[in-house]
Amino acid sequence: MKILCSDLEGTLAPEIWQEIGKEFKVPELDLTTRDIPDFDRLMSARMSALQKKKINYEILLEFLNSIEPFDGAKNFLDSLNNHYQIIIVSDTFYELCMPVIKKLGNYPIFCHHLKIDNGFISDYEKRQEEPKKNVVKGFQSMNFECFCIGDSYNDIQMIDQSSGAFIFAPQEIKDSRTDIINFDNYNDLRSHLLNE
Ligand SMILES: [Mg+2]
């Protein structure tokens, strides 16, 4: 039994900050680490934009409950159940992703925490540095073999640590690592995983 380490946003569900940005018309939330590589600065921009618009966590949570996984994502995970133990490994936050995680079937997820003060997101706590790579290393230290899937640069650290594939990766990301096999649909990735 292998472990499948799957990214969440862009892989199984939409980008949560961008969905919030669209819903509440907060353009600052469209920015990603590709626009502001410094994660601290990016998070400060996100939190102050929410505070400026007086969007508290309660309002956010109501919207978060409406975010749906990608079509076929739950089915994809469930269909691998007999061959892989599935863990979702993400740079999102528990306080944002749990509604969509439940819709995906409540697979275990390793991500980060947000701090909520007086109803507003005030800070964040990263679980550890290089979290995706370290999750895989942790499993390997217990003699588990991992296969990792994701759509973006931050997934390469876990793919390189074991083996893996891109799914739904934008062209520039595929071009940056042509040695990593890539898929644009769950069916083909499923066939690959079942033949691994
Ligand atoms: Mg992603």
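Which order do peptides 155-164, 129-138 fall in by mean Cβ count within 10 Å, highest first? The partial results should precede the final answer.
Working: 155-164: 21.1, 129-138: 17.3.
Per-residue mean Cβ counts within 10 Å order the peptides as 155-164, 129-138.
Note down the nm distance, to one decimal, between modelled labels 7 Å out along Cα→Cβ at Asn82 and at Asn185.
Here the modelled spin labels are 2.3 nm apart.
Find out how many positive minus negative residues lie around Val26, taking Lys and Arg as positive, Asp and Glu as negative, among other residues whose Cβ is under 10 Å from that of Val26.
Working: positive: Lys22, Lys25, Arg46, Lys52, Lys53; negative: Glu23, Glu28, Asp30.
Around Val26, the surrounding residues sum to +2.
Roughly speaking, what is the centre-to-centre gap between segment 145-163 and segment 3-39 when only Cα atoms are used, to the nearest Å?
Each part reduced to its Cα centre gives a spacing of 18 Å.
For the chain, set up a GNM with springs between Cα atoms under 10 Å and report which of Asn118, Asn154, Asn106 has the largest fluctuation.
Highest fluctuation among the options: Asn118.
Working from the pairwise distances between different alpha carbons, so that the mean of 1/r is found and then inverted, what is segment 140-196's Kirkwood radius in Å?
Details: mean 1/r = 0.0856 Å⁻¹.
Taking the inverse mean of 1/r over all distinct Cα pairs, segment 140-196 comes out at 11.7 Å.
Give, to the nearest whole percent, the P(r) tail of segment 60-196 beyond 23 angstrom, counting all Cα pairs. Let's see the in-between values first.
Working: 3641 of 9316 pairs.
The calculated P(r) of segment 60-196 puts 39 percent of pairs beyond 23 Å.
Suppose R0 equals 25 Å; then what is the FRET efficiency for Asn118 and Asp35 from their Cβ-Cβ distance, rounded to the nearest 0.05?
On the way: r = 29 Å, r/R0 = 1.15.
Rounded to the nearest 0.05, the efficiency is 0.30.
Please list the three semi-axes, largest first and in whole Å, of the ellipsoid equivalent to segment 2-108, using sqrt of 5 times the eigenvalues of its alpha carbon gyration tensor. The partial results should precede the final answer.
Details: eigenvalues 153, 47, 23 Å².
Taking √(5λ) for each eigenvalue gives 28, 15, 11 Å, largest first.
Name the residues of segment 115-130 whose amide N is less than 18 Å from a point 7 angstrom out from the Cα of Ser44 along the C-beta direction?
115, 121-126
Which length gain, in nm to one decimal place, applies between Glu129 and Lys174 when the Cα-Cα distance is subtracted from 0.36 nm times their residue separation? Each step should come with its number before you reach the end.
Values: separation 45, 0.36 × 45 = 16.20 nm, distance 2.42 nm.
My answer for the length gained is 13.8 nm.
Throughout, read-outs are computed from the coordinates displayed, never taken from laboratory work. All of these numbers come straight from a predicted model, not from anything done at the bench. Quick reminder, even Gly has a Cβ in these numbers, built from the backbone with ideal geometry, and neighbours come from all protein chains shown.
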